[in-house]
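The structure appears right after this line, and notes come after that.
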Amino acid sequence: ISVTTLDIAALARQITQPDTRRDGLAMLLRPADATADAAVLAYGGRPGQPHAAPPADVLRHLLALAVATPDGGAVLTGAPARHRFLAGWSRVDPTGLLVAVVANADIALAGARREATSIRAVAAALTLLVIMGAIGLLLLRARRRAAEALREAQRAQSATEAARTELERLVASLPAMVYHGDLAA
């Protein structure tokens with residue numbers, strides 16, 4: 001014969017860890033049978049926060065899932081206000097006890113939603129910077145092409161002036177006279 005006792009208060013302190021139960025409730029459950037409500041042996045949540053066990057229908061659903069799968073997780077919906085709960089559980093063999101963590105999905109996912117909004121804002125800012133950079137590169141390339149076209153036009157003008165100067169020198173050195181004029185009919 002073996003007699004085992006549990007110090008429920010010490011167990012509640014033991015399963016309450018701020019790093020894993022920040023927005024949820026850790027519970028030690030003793031399933032009465034596969035279909036009945038569980039006896040909550042101990043539970044604890046965030047230190048300094050009041051705790052309330054999840055609705056009975058959420059616990060029943062959790063127990064039904066735990067019977068089928070010894071370790072797992074699911075999204076559960078409570079009847080009164082249709083709140084969603086994130087639940088994870090693990091059976092402690094050979095005791096038959098069940099350790100579960102249940103968190104209100106809206107509260108637990110609020111941080112993820114804030115982070116997603118921040119990530120979207122950063123992605124939009126980076127996209128804007130990339131677009132501005134691409135426009136800047138296109139403007140720089142267009143400016144370089146315009147400068148090259150201007151230099152080419154200046155070279156052509158210099159060549160034309162040099163040719164005109166040479167032609168004037170040749171005409172001036174001819175032993176004949178050159179007249180230019182318009183004759184009308």
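Every number in this text was worked out from the coordinates using simple rules, so none of it is lab data. This one's a predicted model, so the numbers in the text were calculated from it and none came from an experiment. Note: ideal-geometry Cβ built from the backbone for every residue, glycine included; neighbour counts use all protein chains shown.
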In order through region 132-141: 3J(HN,Hα) via Karplus (6.51 cos²θ - 1.76 cosθ + 1.60), integer Hz, x for Gly, Pro: 4, x, 5, 5, x, 5, 5, 5, 5, 5
FRET E, pair Leu65, Glu115, Förster distance 35 Å, beta-carbon r, rounded to 0.05: 0.75
Cα-based convex hull volume of region 48-185 per residue, rounded to whole Å³: 360
For region 92-131, the Rg and Dmax computed from alpha carbons only, in angstrom: 19.6, 62
Coordinate range along principal axes, alpha carbons of region 105-185, Å, largest first: 105, 32, 6
For peptides 126-135, 90-99, sequence by mean Cβ density within 10 Å, most packed first: 90-99, 126-135
Highest-first arrangement of 104-116, 152-164, where packing means the average Cβ count within 10 Å: 104-116, 152-164
